[in-house]
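Take a look at the structure below.
Just so you know, all these numbers are worked out from the coordinates, no wet-lab data involved. Owing to the predicted nature of the structure, the values given are computational and were not obtained by experimental measurement. When we count neighbours, we look across all protein chains shown, and the Cβ atoms used for this are built from the backbone with ideal geometry, even at glycine.
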Amino acid sequence: MLSVPSIVERFLETKMQVHPDVVSYIREHDDEDLIERIIAAVPAHTLVVSVSHIPGVTKEKDGIRFADTEVEVSQGKQGSCHPVDHIEDYIQYFRDRYNRLGHMIRSRCDVVPIVAIKQNDRLRQEEVAVCGMVADTRTTNNGHRIITIEDTTGTCNVLFHKDRPDFTEAERIIPDEVIGVRGTVSQEGTIIFGNQLLRPDIPFSFQPYTSKTRGKAVLVSDIHVGSDTFLQEAWDRFTGWISTSDISYLLIAGDLVDGIGIYPGQDQELVIKNIYEQYNTLGKMLSSLPSHIQIICAPGNHDVVRGAEPQPAIPSKFTGSFPANCIFVENPATIILQGVRILMYHGRSFDDMIGLIPGASYEQAHGMMAEMLKRRHLALCYGKKTPIAADKTDRMIIDPIPEVLHTGHVHIMGITKYRGVLGINAGTWQSQTAFQKQMNIQPTPAKAVILDLQTLETEVLDFE
Ligand code: D5M
Ligand code: FE
Ligand code: ZN
């Protein structure tokens with residue numbers, strides 16, 4: 001993402017100041033050429049560049065939205081992913097995560113650097129606030145929780161007493177999330193007794209944007225074309241229905257096809273054993289839809305691209321049979337439909353969250369969407385089931401806040417709402433596989449979620 005100083009400096013070079021909304025807009029679109037296009041469009045003698053100077057954009061009271069674009073990919077455009085070159089990339093990656101998530105916490109309270117806890121005698125037995133990334137979590141013999149957190153100056157331990165009223169939140173702290181803690185420093189300066197846990201979170205003031213014009217999207221995921229459990233008839237009923245409906249957009253959040261060699265013995269369960277053929281078949285299926293429907297295709301862990309997230313878009317050599325109304329995006333990606341932001345993420349990190357968060361289950365996986373939103377991050381834990389590719393910035397951070405978080409992967413449909421953000425965990429078009437039977441996962445196949453962009457209301461249709 002472009003840095004704030006680099007954007008401000010470019011405008012200053014042209015003797016203009018720039019409004020913070022314009023800076024946020026440029027950062028969200030992460031497009032250096034956009035700066036030049038704005039500069040070119042600004043009338044002579046302008047002193048401050050405002051949102052009204054951005055070509056094609058109007059300002060709404062709750063932020064900046066597109067005036068005349070129906071579909072815009074604001075994050076996760078094809079080609080945004082970079083290969084991991086150096087081990088140093090991981091240092092930059094985690095520093096970016098710490099800085100940006102930490103900033104959300106530090107803007108709400110004054111924190112001291114962790115090194116000061118041990119070094120500054122005057123802080124002993126005083127209440128302080130610190131902010132850091134979680135390096136370790138453990139439970140003591142007496143059932144209290146000890147969290148080791150780290151900032152750029154050092155590490156410290158925080159103890160959350162099991163009898164505190166908010167102890168359940170402390171039990172849900174997971175590795176590599178960024179938290180703030182208000183607490184009392186021990187007499188020796190070796191530990192902080194936690195009084196309050198702070199997360200980046202969604203502000204209570206968040207007001208979701210709704211489209212000013214009519215429009216409906218249908219959200220699905222996990223089609224798994226090529227698998228012997230793919231439900232072709234249900235899919236055909238679904239696409240037959242779309243063709244007669246008032247749907248304008250179809251969003252598919254990954255696992256477009258079943259893939260090849262994803263797990264041992266997969267070939268026994270494939271009816272299409274060639275990866276090109278799998279995508280060709282899906283491309284033909286989507287070609288039967290009316291061409292005015294805009295289709296957004298994102299990858300998942302069964303698709304042909306690298307497994308590490310963010311995942312690149314499906315390369316063009318696999319998409320020759322797809323119709324021209326398909327847009328291929330990365331995983332994750334933010335799609336703006338008539339001004340409504342939809343963050344698409346396949347959802348592999350559900351596997352990690354469900355293992356780490358007490359009380360979580362596959363049946364109620366949509367509950368984990370609130371946990372992602374609280375932490376403002378899609379895939380926190382490094383080195384578990386979700387592979388993460390380092391980049392100079394952390395693209396798994398949830399920023400800006402979307403109106404809708406659209407996931408899949410679990411194969412169990414669920415809808416939730418957290419502080420104004422709608423969570424839609426789309427189901428699947430595959431019946432129970434041998435692996436899911438072994439894991440005791442009961443999928444809810446052939447359901448499609450209709451999203452009304454004007455009201456943000458949902459409707460679930462069952463095509464089984
Ligand atoms: O995921 C299909 C289902 O299998 C979904 O409910 C998640 C579950 N799953 C997938 N991988 C794992 C691992 N590693 N552990 C536990 N559960 C898992 P799909 O991505 O379609 O194969
Ligand atoms: Fe899947
Ligand atoms: Zn998956």
message: I need to check one value: relative contact order of the range 226-375, counting alpha carbon pairs closer than 8 Å and at least 6 residues apart, in percent.
response: 21 percent
- request: Name the long-range amide H neighbours of Gly347: under 5 Å, sequence gap of 5 or more, or other chain; modelled H, no Pro or chain starts.
  value: Gly408
message: Using a Förster radius of 22 Å, what is the FRET efficiency between Lys385 and Lys437 based on their Cβ-Cβ separation? Nearest 0.05, please.
response: 0.65
field: Debye, to nearest 20: dipole size of the range 1-122, +1 on Lys, Arg Cβ, -1 on Asp, Glu Cβ
entry: 620 debye
- line: Normalised per residue, the volume inside the convex hull of the alpha-carbon atoms of the range 294-363 in Å³ amounts to 122 Å³
query: Separation between the Ser361 and Asp246 pseudo-spin-labels, each 7 Å from Cα along Cα→Cβ, expressed in nm?
result: 3.8 nm
Extent along principal axes [Cα atoms of the range 4-66; Å; largest to smallest]: 29, 22, 17
- prompt: How high is the FRET efficiency from Gln268 to Ile450, r the C-beta distance, R0 41 Å, rounded to 0.05?
  reply: 0.70
- prompt: If the limit is 19 Å between Cα atoms, which of Lys273/Lys317; Lys284/Lys437; Lys284/Lys447 go over it?
  reply: Lys284/Lys437; Lys284/Lys447
query: Cα-based Rg (one decimal) and Dmax (whole number) for the range 216-462, in Å?
result: 16.6, 46
message: For the chain, take every pair of Cα atoms, bin their distances at 10 Å starting from 0, and report each bin as a whole percent.
response: 4, 19, 28, 25, 16, 7, 1, 0
message: Name the residue from Ile7, Val22, Ala44 whose Cα lies farthest towards the positive end of the charge dipole of the range 4-66, charges +1 on Cβ of Lys and Arg and -1 on Cβ of Asp and Glu.
response: Ala44
- prompt: For the range 108-198, what mean projected area does the convex hull of the alpha carbons give, in nm²?
  reply: 5.5 nm²
- request: Normalising by the residue count of the chain, find the relative contact order in percent from Cα pairs under 8 Å and 6+ residues apart.
  value: 16 percent
- prompt: When only Cα pairs under 8 Å and 6 or more residues apart are kept, what is the percent relative contact order across the range 265-354?
  reply: 27 percent
- request: Filter the chymotrypsin sites (Phe, Trp or Tyr not before Pro) in the range 170-240 to those in DSSP coil with at most 10 other Cβ atoms within 10 Å of their Cβ, and list the result.
  value: Phe204
- prompt: Based solely on its DSSP helices, what 222 nm [θ] is calculated for the chain when runs of n ≥ 4 H residues each add -39,500 (n - 2.57) and the sum is averaged over all residues, nearest 500 deg cm²/dmol?
  reply: -6500 deg cm²/dmol
